[in-house]
Amino acid sequence: MSTTPTAALFKERATTITKDLRHRAVIRGALQKYGVVRDAKKARFRDWQGARTAASEVKWQAINHLDTHLAQFAEKLEARGGIVHWARDGAEARQIILDIVRSKNAHAIVKSKVMTGEEIHINDALEEAGFEVVESDLGEYICQLRHEAPYHFVFPAMHLTRGEISDLFTEKLGTAPTNSPEELTMIARKVLRDKYIRADIGISGANFAIAETGMISITENEGNARLTCALPKTHIALLGIEKVLPKLSDLALFLPMLGTVGCGQLLTGYNTMYGGPKQPGEADGPEEFHVVLLDNRRTDLLASTEQRDALQCIRCGGCLNVCPIYKNIGGHTYGATYQGPIGSVITPHLRGLQEWKHLVFCSSLCGACTEACPVKIDLHHHLLQSRRDAITEKPVWWEKLTFQAVGMVFNRAWLFSLGMKLGRIGQIFHPLIKNTPLDPARAWTRARELPKVAPQTFREWWNQRK
Amino acid sequence: MNVTLFIPCFIDACFPKAGASAVQILERLGHTVDYPQQLTCCGQPAFNSGYWEETRTVARPVLERLKDAEVVVILSGSCGAMIKNFYPELFQGLPEEAVAKAVAAKCYEFSDFLVTRLGVSDLGASFPHKVTFHDGCHGRRELGIKAQPRQLLASVRGLTLVEMEEAETCCGFGGTFSAKFPSVSAAMGEGKLASALETGAEYIVSNDSSCLMHQQGLIDRQGLPLKTIHLAEVLNNVQP
Amino acid sequence: MNARETIFGRIREALSHPAHKSGGHDQASPKPLGAATAADCMPFGGANAAEQLALFAQNAKELAADFYLVETPEELHAQLAELAQREGWKRVASHAGELTAAACKVLGLPVTLTDGGYDVADLEASDAGITECEALVAQTGSVLVTSRACGGRGLSVLPPHHVVLARRSQLVADLNAAFALLEARYAPSYPSMISFISGPSRTGDIERILVLGAHGPKKLTIFCL
């Protein structure tokens with residue numbers, strides 16, 4: 001395995017955290033609870049697999065006609081007074097947002113959850129420019145106080161216990177310690193309420209962009225996005241270009257699937273479509289509505305003839321929730337904006353294959369992700385394809401030679417047979433070097449006993465039958 | 001029927017009883033078993049590591065030898081998936097593509113062969129123990145094996161099957177993954193074994209010895225009160 | 001070339017290479033699913049008004065929303081007054097509407113009406129936000145509101161208690177029906193905000209344990225006339 005600093009850091013973090021039994025227990029507990037409610041809601045669908053097929057087809061059509069849908073989306077939104085911006089990359093998107101914020105002489109910015117914002121590090125950019133940015137989503141707020149990246153893109157603070165959150169609030173907000181999730185939530189509610197009301201700018205993401213009507217759709221539970229998009233005078237929405245859905249009625253399929261797989265709820269608390277700034281006759285709403293559409297190498301993924309469907313992702317987090325790798329290494333180990341199986345699939349495309357290929361290799365290819373995906377992205381097969389691409393581009397020479405040598409042995413049964421006999425002898429001496437730096441099988445024997453070559457192999461048994 | 005049996009490399013070397021059991025079961029059912037000795041490996045390690053050209057070098061002789069078989073039974077979910085699902089992909093656009101598809105069409109994982117193809121589920125076996133079943137990922141998700149082993153186990157006299165909560169969760173073997181990311185692999189295995197222990201079972205049964213090899217390795221290192229055994233061995237426990 | 005042109009150029013170049021939809025191991029159904037068939041896969045919304053009502057009530061309960069069927073406006077007003085007293089409301093917020101106007105009159109509490117603009121401080125000080133709705137969705141137990149018919153964006157989310165005054169005739173089976181209703185009522189000039197509210201505000205961010213009243217209302221009460 002090649003050792004780019006990114007790969008080395010990943011392996012180091014993975015090794016440390018997989019031994020953390022407390023972390024393992026916390027994540028297992030959280031995901032078990034989720035599994036129960038998710039399965040209960042899936043059961044309410046009359047045909048869950050049919051819904052997956054339908055969702056997959058709608059999204060496949062959408063991304064294969066991305067230019068048509070984006071053009072219509074922009075046209076419709078602009079007709080209702082929305083302002084559409086196009087950003088080729090993160091730097092451009094940051095600049096666009098900074099320009100808007102500066103032009104408004106903003107004092108305070110409130111944000112709801114924006115994964116695309118994490119991707120372009122918008123908070124850092126705004127703070128460096130001297131603006132106060134407050135995350136309103138409870139999980140994101142907690143991460144912000146801890147100066148930590150989100151652990152999971154639907155449940156950002158999943159790795160923390162209530163005790164840790166209580167300590168955090170005591171330290172940063174001066175509140176009394178409490179063991180009650182309800183009290184902790186109320187603390188955050190109280191602090192953030194003031195922020196909504198004072199903020200001049202609200203920054204949101206979007207789960208979907210509806211081409212037919214020029215609307216964005218936001219799925220949430222807390223109501224913080226509702227408030228972010230209601231009270232401040234300027235609303236800026238940042239989203240990736242792949243979020244398009246052709247029709248408003250497509251939401252009738254996607255909102256329940258997103259809720260079910262994302263949170264185990266048929267619909268989350270608030271599913272809201274925004275189609276423009278405050279319209280004449282309406283009681284309130286932002287005076288300006290800006291939508292920033294971001295490419296940032298999504299078009300590279302679009303150009304992939306094998307992995308294009310990865311752009312269908314609706315960011316539900318369903319694959320994270322079933323991934324045994326994710327469960328054991330946790331969200332921070334990935335070191336990238338998007339974690340879990342989808343993160344492992346798209347990060348090499350968005351950030352470079354050779355630097356990030358360790359993500360595609362760190363998988364047992366169990367396929368649970370592919371099974372869980374509501375839009376049927378072929379996730380684990382993409383990991384295989386990316387492995388092939390990484391190696392074809394840059395073979396690891398000792399691996400290549402090993403597989404060639406091993407291939408020669410496998411193609412000569414007498415050699416293979418001899419190999420097994422030698423193994424039988426070798427294993428007598430192996431205990432002397434087992435799990436020491438001299439042990440060639442140390443990767444295995446660090447944690448496991450080696451299997452033994454049997455006193456009589458299958459072919460030996462077969463041959464002595466005659 | 002003339003059944004061509006594909007014996008995975010690790011069964012040949014380390015778990016020959018599983019292979020022998022499969023042979024005896026098939027012969028008892030009245031079929032002739034053909035074991036092509038020149039075949040040793042399906043090529044999955046190279047494939048999973050991204051070395052597809054090196055995989056083809058090993059896969060071509062496999063296809064060549066299996067193309068005239070009446071039916072091919074593979075004693076592992078992961079090797080079964082390799083030959084049945086991935087060989088056609090490996091040879092896509094190449095001269096061997098048609099043969100790969102033809103061979104894939106006549107491949108069966110062992111339990112699937114018995115239940116689906118032969119319509120057999122009672123082999124007259126007895127195994128008076130409490131067991132739990134581990135669903136190997138490739139068998140489960142690439143080949144759709146779930147009910148078949150359970151149907152077979154249901155007819156085994158004296159056997160009590162208790163399902164573990166994490167029956168379908170990957171145990172962390174994943175082939176070369178177990179060596180490339182050993183700490184993650186071991187942590188996943190520990191999760192599987194913890195779930196197995198919760199059932200109170202004496203044995204973990206599976207249709208995939210590669211998974212069991214990893215689980216047994218952890219069991220032995222940690223001294224856990226569990227044993228692993230291949231499905232074929234359980235089903236072969238017949239009074240002579 | 002500006003950013004928009006660049007991006008569209010990249011998209012067209014990318015799409016000029018046809019991609020095969022993978023998922024070969026995930027056997028899709030042989031025929032493509034049209035819009036009608038997709039709806040058939042979704043959770044059922046009830047075959048008739050009675051079923052829809054029962055389903056809505058059940059879903060609302062599961063979502064921790066309080067749902068009351070009332071037979072007459074008088075009954076509605078009585079229950080609302082009782083609620084106001086129980087909760088100790090001192091002031092409320094609402095918007096101009098047939099049901100809301102009558103209800104606020106009966107309550108006799110100081111009211112902030114949001115139509116035509118309002119002071120956020122007044123909305124923030126309100127103990128309850130009383131709104132009408134566009135529809136009630138049986139399939140999900142949701143209340144459909146818009147910024148045009150329900151007093152704007154803030155009214156249904158800022159006060160700690162959201163009260164919805166609805167009519168039985170507003171009940172629809174499912175989300176498909178709800179979107180069809182919106183299209184019939186508003187297209188192409190939709191309200192700037194459309195929202196499906198499913199229960200009070202909640203969060204699962206702490207150990208995935210459900211807590212109500214994260215930022216939006218902690219309580220949701222629906223009266224259905």
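In order along segment B:102-117, the Karplus-derived 3J(HN,Hα) couplings, from 6.51 cos²θ - 1.76 cosθ + 1.60 at θ = phi - 60°, round to 5, 5, 4, 5, 10, 9, 9, 6, 3, 5, 5, 4, 4, 7, 7, 7 Hz, and Gly and Pro are given as x. For C:K105, a cut-off of 14 angstrom between C-alpha atoms picks up these aspartates and glutamates, skipping any fewer than 8 places away in its own chain: C:E74. In whole Å, what is the distance between the alpha-carbon centres of segment A:431-466 and segment B:54-122? Cα centroid of segment A:431-466 versus Cα centroid of segment B:54-122: 27 Å apart. Neighbours of A:P177, meaning other residues whose beta-carbon lies under 15 angstrom from its beta-carbon, give a summed charge of -3 when Lys and Arg score +1 and Asp and Glu score -1.
With R₀ set to 56 Å, the beta-carbon distance separating B:E202 from C:A47 gives a calculated FRET efficiency near 0.60. Here the 3J(HN,Hα) profile of segment C:148-160, calculated from phi with Karplus coefficients 6.51, -1.76 and 1.60 at θ = phi - 60°, is 8, 9, 10, x, x, 8, x, 4, 8, 9, 7, x, x Hz, Gly and Pro shown as x.
Using +1 on the beta carbon of Lys and Arg, -1 on that of Asp and Glu, and nothing else charged, what's the dipole of segment A:25-181 about the Cα centre, debye to 20? The partial results should precede the final answer.
Numbers: 20 positive and 22 negative charges, 190 e Å.
Roughly 920 debye, rounded to the nearest 20.
For segment C:60-112, the list of GluC sites (Glu not before Pro) that fall in a loop by DSSP and count at most 14 other C-beta atoms within 10 angstrom reads C:E71. FRET efficiency for the A:A79 to A:R102 pair, using the beta carbon distance and R₀ = 22 Å, is estimated at 0.20. Across q = 0.13, 0.15, 0.20 Å⁻¹, segment C:104-225 modelled as identical point scatterers on its alpha-carbon atoms has Debye log10 I(q)/I(0) values of -0.55, -0.73, -1.18, in the order of the q list. For segment C:116-167, which trypsin sites (Lys or Arg not before Pro) pass both filters: DSSP loop (anything but H, G, I, E, B) and at most 15 other C-beta atoms within 10 Å? Here the sparse-neighbourhood loop sites are C:R167. Taking the DSSP beta bridges with both ends in segment A:48-296, the antiparallel portion is around 25 percent. By other beta-carbon atoms within 10 Å, ranking B:F91, B:F6 with the fewest at the front produces B:F91, B:F6.
Per residue, chain A reaches -17000 deg cm²/dmol at 222 nm when only DSSP H runs of four or more residues are counted, each adding -39500 (n - 2.57).
Quick one: how many lysine pairs does segment A:48-296 have with C-alpha atoms less than 13 Å apart and a gap of 8 or more or different chains? Give me the count, please.
6
Proximity of backbone amide H atoms, modeled 1.01 Å from N, is registered between C:S94 and C:T112, C:L113, C:T114, C:I130 at under 5 Å, excluding neighbours fewer than 5 places apart on the same chain. For segment A:287-424, lysine pairs with C-alpha atoms less than 26 angstrom apart, excluding pairs fewer than eight positions apart on the same chain, total 6. Just how far, in whole angstrom, is segment A:76-131 from segment C:122-196 if you go by their alpha carbon centroids? So the two Cα centres are separated by 29 Å.
As a calculated quantity, the FRET efficiency between B:K67 and B:E163 at R0 = 60 Å, using C-beta atoms, amounts to about 0.95. Each Lys or Arg adds one and each Asp or Glu takes one away; over the other residues whose Cβ falls under 13 Å from the Cβ of C:R167, this sums to -3. Summarising the label geometry, the points placed 7 Å from Cα in the beta-carbon direction at C:E98 and B:K130 lie 6.7 nm from one another. Extension gain, A:R446 to A:R46, is 139.2 nm, computed as 0.36 nm per intervening residue step minus the present C-alpha separation.
For a footprinting-style exposure proxy, rank B:M213, A:M158 by other Cβ within 10 Å, fewest first.
Listing B:M213, A:M158 from fewest to most nearby Cβ atoms yields B:M213, A:M158.
Under 23 Å of direct C-alpha separation, and excluding same-chain neighbours fewer than eight residues apart, B:K67 reaches these lysines: B:K84, B:K101, B:K106.
Against chain A, whose longest principal axis comes from its Cα atoms, helix A:413-433 is set at around 80 degrees.
Of all DSSP-defined beta bridges confined to chain A, some 25% are antiparallel rather than parallel. What is the helix-to-structure angle for A:397-410, meaning the angle in degrees between its Cα long axis and the longest Cα principal axis of chain A, kept from 0 to 90 and rounded to the nearest 10? Long axis of A:397-410 versus the principal axis of chain A: about 50 degrees. Label-to-label distance for B:Q222 and C:E183 is 5.5 nm, based on points extended 7 Å past Cα in the beta-carbon direction.
Taken residue by residue and averaged, Cβ atoms of other chains lying within 10 Å of the Cβ of B:87-96 number 1. With 0.36 nm allotted per residue and the present C-alpha distance subtracted, the C:N2-C:D66 stretch has 17.8 nm of extension available. For segment A:440-454, 3J(HN,Hα) computed residue by residue from phi via the Karplus equation (6.51, -1.76, 1.60; θ = phi - 60°) reads x, 9, 4, 3, 7, 6, 4, 10, 9, 7, 6, x, 9, 5, 5 Hz, glycine and proline entered as x.
Between A:L245 and A:A209, A:I210, A:A211, the built amide H atoms are under 5 Å apart, and every one of these is 5 or more places off in sequence or on another chain.
Rg/Rh for segment B:1-85 stands at 0.98; both radii use Cα atoms, and Rh follows the Kirkwood definition. Other protein chain C-beta atoms within 10 Å of residue C-beta, averaged over A:290-303: 3.
Bridges between two residues of chain B, per DSSP, are antiparallel at a rate of about 0%. Listed from fewest to most Cβ neighbours within 10 Å, the set B:C9, A:C263 follows the order B:C9, A:C263.
Peptide B:17-25 shows a mean partner chain C-beta count of 2 within 10 Å per residue C-beta.
Other residues within the sphere of radius under 13 Å centred on the Cβ of A:R44, judged by their own Cβ, net out at 0 (K and R +1, D and E -1).
Only the coordinates and a few stated rules stand behind these numbers; no lab work does. Model, not experiment: these values are computed from the prediction. Heads up, the Cβs are rebuilt from the backbone with ideal geometry, glycines too, and the neighbour counts pull from every protein chain shown.
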